[in-house]
Structures are given as C-alpha cells and as structure tokens.
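Enquirer: Let me give you the structure first, and then I'll get to my questions.
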Amino acid sequence: MRTTDLILALVLLPTLGSAQTTPTEIAAAADVLARIKVLQEKIAPEETAREITGRIDPKRSALIEQAGRVWDSEMEDLSDHIGRNPEVGWAEFEAVDTLVKVLRSKGFTVETGVAGLETAFVATWASPAGTDGPVLGLIGEYDALRDIDGPFHGDQHNAQTPVAISAALGLKAYMESDQVPGTIRIFGTPAEEVGPPAKTIMYEAGIFDGTDILVRSHSAPETFRARAGFGVCCLNINEVKYVFTGRPAHQLTSWNGRNALEAAVQFYTSVNGLRSTFRPEASIQGVIPEGGIAPNVVPARTVVDYYIRYPDEVYLEHMTRMMDDAARGAALATGTEVEIDRYGEYRDGIALGSLEELYFAYARKLGALRINEIPQRPAGYEETGWVTRDIPGIGVGIFSSRDTYHTKGMEADGMGEVGHSGFRLDAQIMSAILYDYLTDTSLRQKVAEEHAELKILLGDYHSRLREVYAPEISEIPNGSPLQPGCEN
Ligand SMILES: [Zn+2]
C-alpha cells in the first residue's frame, strides 16, 4: 500500500462500506449492488464459513499445527533476517537468493527471473500422488520502503514469503501423508511499493495461468475483512510517461534545434489547464524526471511522468485520453514528437464473500487480536486488481502492528512479539483455507460461482458508467446548460 493511498483512504472513510465513491458511481451501481446482495444471500458466506470452520477435522488441525511449527522453528527467523536486511523494489536480490535456497531445500522447483523480472520467481511443488488436482497459489512480497536514511521494512513485507512458505509446508505435509493430488505454487512478486506494477507484468506474461486460487498475507493494524464486491483500497491509477523528442543544437544557433523541454513545459501547463474540465475527484500528479542535459544545448529529450487517478476506470480512461491529446498538442506546437508509454495500470479488484468470511471465521476461532467486526470497502487481494479478476483469492491480514502502515513502529512490531504472533496466524489460516479449498468440492464450486458472477457484474457496472458518462466524455462537446436559478 502506498502512503498517498492511505491518505486517500482516510479522506474516503465515510464511504468505506461501499466501493463506489462519487454520487454518479453510487447511482450507476445501484442495480449491480442489489444483484451482489442477492448473490451473497444465495452463497451465504457467513453460514458456510461457520459450518466449515466448526467441523471437527483432525487432519486440518494437524495441518494448522504444522504450519505454526514451521513458522516457529524456521520462518520467524527468516522473516526477521529479511527485516534486518531491507532492499527496495527491483533490488531484492539477497532476499530472493535466500528464499529460493530455502524453497529448493524444501523440495520446490524454483524458476527465477520470470516475466523478465530479475527478482520475481515461481516455486512449484507437485504432489507425489500426481498433479490431477487443484493448483494452489500463494503470493509473497519482499520489497522494503525507501526513507532518507535508507530502506526499511515499514510495511512488513519481510514476513510475507516466510508466511507463505509456512502455509505451503503445512499443506504439503498433509498432501504427502494422505497422497492427495495437486500442485502448490509460491509466486515471488517484487516491488509492490514502486511502479511499474510487477504483478500486472507477471499476469500479462501468463505467470499465474492455471492457478485455481491465490492467497496472500499483509501487515495490518487491526484484523479486518472486506465486503464482497469490487473496488480498490483507494483509486484506479494509470501511470504514464510522456517522452518528447526534439532535435539537439547549440543554444547560440537554437533555430537549428527543436526544444523538447518547451514541449514538456507546455504539456505540464496544459494539464493544469485541464483540471477544471475534470470531475472534482480526479487526482493528477506529475514530475519531469528528464528535462535536458546542459543549458547551452537545446534539450532533445524530456520525460514527463504522471500518475492519473480516478475512483473508476471508465472516467479515468477519458481523463487519460484528454491528457494524451494535450501531449500531442504540445508536441505539434513545438515541432517535437511525443511517445506515450502507459507503463502501469491499477484497477478495481474482486473480493469474494465466500473466502473473506472463511478467513474471518478462522481469525475469530484461532484468537486473532484487535478484530474489527465491520466489513470494510471491497478491494482485491492484490493491489493491481488484474490478477483478482482472473483468479479467485483472499488477502489475509491479521493484526500485526500497533502502528499504522509505512512506519518505523510497524517495522519494529514486525520483528517483535506482536508481528510474530500475527504472522503465525496468517500462515495457519492460509494453510487451512487452502486445505478447505482442496478437500471441499462444494466450497470450490461456491468460490468459482461467486467469482464468475462478480466478474460479470463488474462488466455491467462499467457498461452502466459508460452510459452515464456518455454526454460529458463523448468527442462532441455537449455540456449541460446552466440550470435556471443557479446564480452562484
Ligand atoms: Zn504493502
């Protein structure tokens, strides 16, 4: 999670229960929300979760114990080790090296550098009983945050992969002893805190293909779960680089050149001019990381990097299109060329009631602390949203810090008792959820049905938004006339 998202999350607090933010979105979603409610009544996630977690099942109890033992005996130390040796996104070389060694020693086959990302990996274990069973996936991150005095694990990503390994080893022990067919996969996903979004790149490269379910843990200042539906913790984002190319020349004969900095500045100013044309929830922030080399040389290359955000992706697309046009306009006006590189996209993800309630029932049963009983705004189990639209899953977040995200307090708790006990529970619950998914066909069906239906509803929501926005985002200017009596 990013700091800006946290601030926005606070701003948006009154709407925490629903994923829709603006009055337009709330109105457009009315029918879809009613259908989500009907779906939830049919799936009955709370009753199902109570029934599943209430079963007396010695095999599951043994697996939960085993996941806890693995955490206690090895993974807690590994989590602290990564915590004491923080590495920022895309540079998590030592963490990955250590994790890969550990996974290989536990019988996993590990492929590194997947999707062309140096610090991404996939670890696979195939059951000796065969692979004719579900593919059970776990996500692990390991990147640290940046601070002026160096990197630090203020979001407790150090624990994520050790937690995933503990959960996987609990499950593996059961599958081996009972000869249960299936596959366990741990996805090492780098650089959660910095763009471009690694999970989107891995998703587009097909790395998650064939996975039936994904579980992941994350640090949490309280134990909470999400409502069923779709949404994102904060906003949908397009990350776009505008690269202007001109022609170099000495400034004393600048007429021979074409100034890419003039283009960048004109574009930057045009974007400010666009702000009043956008709805008030729009959020646009940009920097000019490349502005030329020397004052006496006409800048031949400049880069303007923007994060464009809006609560829904339909209006976001409209904003991005207008910004792209502004960039082309600036290029045309200065005799330069512009290349538009949309290098990152974050979208609403899908949250499943069936898995959220199952996780939460385990959290209560196994004694998680600081439980928030109010279901929170729906958000996918991973921050890009893309993977959650394709593969059902759950993000587990047991109370692991008395401080909030991205703080030194959270870092300290991550290597102390509060974090350790939270992570141990994360691992046990993830292992239990995967066990239930593996052994209970009716749960598997419910998860698949709920995911398929929510995916359709997300598409319907976007269609409805397109209709509602049509008059204001179509190419032909069609502003609504000033209302009579509106004199302010
Ligand atoms: Zn995080």
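Laboratory data are not the source of any read-out in this text; all were calculated from the coordinates shown. Please read these numbers as outputs of a predicted model, since none were measured by experiment. Reconstructed Cβ throughout: ideal geometry from the backbone, glycine too, with neighbour counts over all protein chains shown.
Enquirer: From the backbone phi of the range 117-125, what are the Karplus-calculated ³J(HN,Hα) couplings (6.51 cos²θ - 1.76 cosθ + 1.60, θ = phi - 60°) in whole Hz, Gly and Pro given as x?
Expert: Rounded to whole hertz, the list is 9, 4, 9, 9, 8, 10, 10, 10, 10.
Enquirer: Relative to the longest principal axis of the chain, what angle (0 to 90°, nearest 10) does the C-alpha long axis of helix 441-473 take?
Expert: 10 degrees
Enquirer: Using the alpha-carbon atoms, what tilt in degrees (0 to 90, nearest 10) does helix 58-70 show relative to the longest principal axis of the chain?
Expert: Compared with the principal axis, the helix lies near 60 degrees.
Enquirer: Which FRET efficiency, nearest 0.05, do Glu337 and Asp209 yield, Cβ-Cβ r, R0 51 Å?
Expert: Here the calculated transfer efficiency is 0.85.
Enquirer: Between Asp132 and Ser442, what is the label-to-label distance in nm when each label sits 7 Å out along the Cα-to-Cβ direction?
Expert: 2.5 nm
Enquirer: If you line up the long axis of helix 30-43 against the longest principal axis of the chain, both from Cα atoms, how many degrees apart are they, to the nearest 10?
Expert: Orientation of helix 30-43: about 10 degrees from the principal axis.
Enquirer: Moving on. Put +1 on the Cβ of every Lys and Arg and -1 on every Asp and Glu Cβ in the chain; which of Leu171, Thr223, Thr183 then has its Cα farthest towards the positive end of the dipole?
Expert: Positive-end residue among those listed: Thr223.
Enquirer: From the phi angles alone, apply the Karplus equation (6.51, -1.76, 1.60; θ = phi - 60°) to the range 368-385 and give each ³J(HN,Hα) in whole Hz, x where the residue is Gly or Pro.
Expert: Each residue's phi maps through the Karplus curve to give 4, 9, 6, 7, 9, 6, 7, x, 9, 3, x, 7, x, 6, 9, 6, 7, x Hz.
Enquirer: Can you put Met175, Met430, Met319 in order of Cβ neighbours within 10 angstrom, beginning with the fewest? Don't skip to the answer; put the middle values down first.
Expert: Working: Met175 25, Met430 28, Met319 22.
In increasing order of surrounding Cβ atoms, one gets Met319, Met175, Met430.
Enquirer: Let me ask you something else. Between the range 156-213 and the range 263-316, how many Å separate their Cα centres?
Expert: 37 Å
Enquirer: Filter Lys199/Lys446; Lys365/Lys446; Lys37/Lys241 down to the pairs with a C-alpha to C-alpha distance above 29 Å, please.
Expert: Lys37/Lys241
Enquirer: Over the chain, what is the relative contact order in percent, taking alpha-carbon pairs closer than 8 angstrom and at least six residues apart?
Expert: 22 percent
Enquirer: I would also like to ask the following. Let a ≥ b ≥ c be the square roots of the eigenvalues of the Cα gyration tensor of the range 359-450; is it rounded (a/c under 1.5), or, if not, prolate (a/b larger than b/c) or oblate? Walk me through the numbers on the way to the answer.
Expert: On the way: a/c = 2.21, a/b = 1.57, b/c = 1.40.
Prolate shape, in that a/c is at least 1.5 and a/b is the bigger ratio.
Enquirer: Which of the trypsin sites (Lys or Arg not before Pro) found in the range 326-435 are in a DSSP loop and have at most 11 neighbouring Cβ atoms, other than their own, within 10 Å?
Expert: Sites meeting the loop and neighbour criteria: none at all.
Enquirer: Using a cut-off of under 18 Å, list every residue of the range 46-67 whose amide N is near the label point 7 Å from the Cα of Ser177 along the Cα-to-beta-carbon line.
Expert: The answer is 56-67, whose backbone nitrogens lie closer than 18 Å to the label point.
Enquirer: Could you tell me the relative contact order of the range 174-284? Use alpha-carbon pairs under 8 Å, at least six residues apart, and round to a whole percent.
Expert: For the range 174-284, the relative contact order is 10 percent.
Enquirer: Viscosity 1.002 mPa s, temperature 20 °C: give me the Stokes-Einstein translational D for the range 236-346 in µm²/s, with Rh taken as the Kirkwood radius over C-alpha pairs. List each step's numbers first, then the result.
Expert: Working: Rh = 14.2 Å.
It diffuses with D of about 151 µm²/s by this estimate.
Enquirer: Also, quick follow-up: Residue separation times 0.36 nm, minus the C-alpha to C-alpha distance between Ala44 and Glu65: what's the value?
Expert: Full-extension gain reported as 4.7 nm.
Enquirer: Sticking to Cα atoms, compute the Rg of the chain to one decimal and its Dmax as the biggest Cα-Cα distance, whole number, in Å.
Expert: Reported Rg and Dmax, both Å: 24.4, 84.
Enquirer: Which order do peptides 105-116, 305-316 fall in by mean Cβ count within 10 Å, highest first? All intermediate terms of the calculation are to be shown ahead of the outcome.
Expert: On the way: 105-116: 14.7, 305-316: 22.2.
Peptide ranking by packing, descending: 305-316, 105-116.
Enquirer: If each of Val287 and Thr98 carries a label point 7 Å out from its Cα toward its Cβ, how far apart are those two points in nm?
Expert: Distance between label points: 2.9 nm.
Enquirer: As a test of the formula, what do you get for the chain when each DSSP H run with n ≥ 4 contributes -39,500 (n - 2.57) and the sum is divided by the residue count, at 222 nm and rounded to the nearest 500 deg cm²/dmol?
Expert: Per the formula, -14000 deg cm²/dmol.
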